[in-house]
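I'd like to ask you about the structure that follows.
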Ligand SMILES: Cc1ncc(COP(=O)(O)O)c(C=O)c1O
């Protein structure tokens, strides 16, 4: 199990007070905080090694290049990639998904082909593939969810045909928290030789990831959601798939040679890392991955299972007032809980929680189609990580209870007036 009290000491921001209250940070699906080790690694890079990579023979550039290359190796280890050069650094999951769509999709999807998406997709995975479909005259099909919020696997099997080229889905939903059965999806895809693009934005930070074992073709994830800095993300791809991609962002660092009428693309992964990369970001992300590996990703997952089960137990007494979306089974659910309080707008609840020092996200969480599918205008989302505690959940549930008791007043008066000083 995790030693949460020790872990919390590594996160300076957790000592912050918000509206005079101790910060309870439950917005980890949006972004996570950074431990001292990550902050220090970034400061150290700029203090001691700052230079551009792969550009010069001077000592600083050599050192910066070594650290940057080593960062690829650490990430490869973190997800059990076959080799470091299958790891492409990019900005974030959105960027990773766009790279695959434009570099693989535009080259390989043809008119009349099919792209299968799910109704639980984040916009950043859904929209690039819809664009590919528009540009290539391909057809988009959506897989539905069942009443528990799990992917409708039977529906997926029915939708797949010989024309299916790609199946795209989140390994973990950022709204329902559903953990999808990746291997089952891969088996379905392989029957028709479709490729599998997995959005790991919510899964990679929270559970073990073994790309060799999963059998997928591509995986994207974001550094900032796994203790790393913003502006750095990862696209992992199977070597043969990466090799069949056409670089879509081209320029410096992507080439071995250019003449006025020809170009020889660089080796993997450089041909997909156009321009000066986020060197400090990659080094910070590698430090984050090391931090997580030291804790153990199985322990991270177990901790979140415990937090989610505890939340379900504690809110049981409020079940007539609170509607929670997605499955109750932690076997298929990560540390994300989206809900609404009956009769109150989600933004009102989010604002009230903020005034009590609790940070959650409100709205549609970049998953509008999923909210429409659920018949919702939005939801409140609490999402956990390694530094969250059972005591914070006690405080969260007590605060929800207080908000419910203030419901009628909150419908009439501004949230600040009602909650400040309560
Ligand atoms: C499931 C999922 N996919 C993709 C993304 C996009 O991540 P980013 O904004 O870091 O590109 C998110 C972000 O919330 C997400 O939750």
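Do we have residue 330 as surrounded by 18 or more Cβ atoms within 10 Å (Cβ to Cβ), in contact with a helix residue (DSSP H, G or I) (Cβ under 8 Å, 6 or more places away or on another chain), assigned by TED's automatic domain parsing to the domain that holds residue 23 and free of Cβ contacts under 8 Å to residues at least 40 places away in the same chain here?
Yes: the conditions hold for residue 330.
Listed here are the residues, each with its yes/no results for (1) within 15 Å of the ligand (Cβ to nearest atom); (2) closer than 19 Å to residue 193 by Cα; (3) touching a residue at least 40 places away in the same chain (Cβ under 8 Å).
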| residue | (1), (2), (3) |
| --- | --- |
| 79 | no, no, yes |
| 89 | yes, no, yes |
| 96 | yes, no, yes |
| 118 | yes, yes, yes |
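Yes/no matrix, rows are residues, columns are (1) in a helix (DSSP H, G or I); (2) over 22 Å from residue 290 (Cα atoms); (3) within 27 Å of the chain's Cα centre (by Cα):
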residue: 39; (1), (2), (3): yes, no, yes
residue: 47; (1), (2), (3): yes, no, no
residue: 51; (1), (2), (3): no, yes, no
residue: 56; (1), (2), (3): no, yes, no
residue: 60; (1), (2), (3): yes, yes, no
residue: 69; (1), (2), (3): yes, no, yes
residue: 72; (1), (2), (3): yes, no, yes
residue: 77; (1), (2), (3): yes, no, yes
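Yes or no: the range 145-159 includes at least one residue that is modelled with pLDDT of 95 or more, within 16 Å of the ligand (Cβ to nearest atom), touching a helix residue (DSSP H, G or I) at 6+ places or on another chain (Cβ under 8 Å) and over 24 Å from residue 184 (Cα atoms).
No, the range 145-159 has no match at all.
A follow-up question, please. Would you pick out the residues in the range 14-37 that are more than 22 Å from residue 399 (Cα to Cα) and assigned to a helix (DSSP H, G or I)?
Residues satisfying the conditions are 36, 37.
Another question, if that's okay. Give me the helices (runs of 4 or more DSSP H) completely within the range 350-422, filtered to those with at least 3 residues that are within 16 Å of the ligand (Cβ to nearest atom), ordered by residue number.
In the range 350-422, 368-373 are the helices (runs of 4 or more DSSP H) which contain 3 or more residues that are within 16 Å of the ligand (Cβ to nearest atom).
So if I check each of 231, 251, 275, 296, which one is out of contact with any helix residue (DSSP H, G or I) (no Cβ under 6 Å at 6 or more places or on another chain) and under 23 Å from residue 43 (Cα atoms)?
275
Between 162, 148, which is assigned to a loop (DSSP other than H, G, I, E, B) and either more than 20 Å from residue 308 (Cα to Cα) or not assigned by TED's automatic domain parsing to the domain that holds residue 224 (or both)?
162
One residue is enough: does the range 170-184 have a residue meeting the conditions surrounded by fewer than 21 Cβ atoms within 10 Å (Cβ to Cβ), in contact with a strand residue (DSSP E or B) (Cβ under 6 Å, 6 or more places away or on another chain) and in a strand (DSSP E or B)?
Scanning the range 170-184, I find no residue that is surrounded by fewer than 21 Cβ atoms within 10 Å (Cβ to Cβ), in contact with a strand residue (DSSP E or B) (Cβ under 6 Å, 6 or more places away or on another chain) and in a strand (DSSP E or B), so the answer is no.
Within the range 192-213, restricting attention to residues that are away from the ligand (no atom under 16 Å from the Cβ) and either assigned to a loop (DSSP other than H, G, I, E, B) or under 18 Å from residue 84 (Cα atoms) (or both), which residue is farthest from the chain's Cα centre (by Cα)?
192
Hey, another quick one. Which of the residues spanning the range 239-278 are more than 14 Å from residue 99 (Cα to Cα), within 23 Å of the chain's Cα centre (by Cα) and part of a loop (DSSP other than H, G, I, E, B)?
Those that are more than 14 Å from residue 99 (Cα to Cα), within 23 Å of the chain's Cα centre (by Cα) and part of a loop (DSSP other than H, G, I, E, B): 277, 278.
Would you confirm, using the coordinates I've provided, whether residue 227 is on the phi > 0 side of the Ramachandran plot, crowded, with 20+ Cβ neighbours inside 10 Å and within 16 Å of the ligand (Cβ to nearest atom)?
It is true that residue 227 is on the phi > 0 side of the Ramachandran plot, crowded, with 20+ Cβ neighbours inside 10 Å and within 16 Å of the ligand (Cβ to nearest atom).
The values are calculated or read from the model by the stated rules, or taken from the named source; none is laboratory data. Since the structure is predicted, the reported quantities are computational estimates derived from the model, not experimental observations. All Cβ positions, glycine included, derive from the backbone under ideal geometry; neighbour counts span all protein chains shown.
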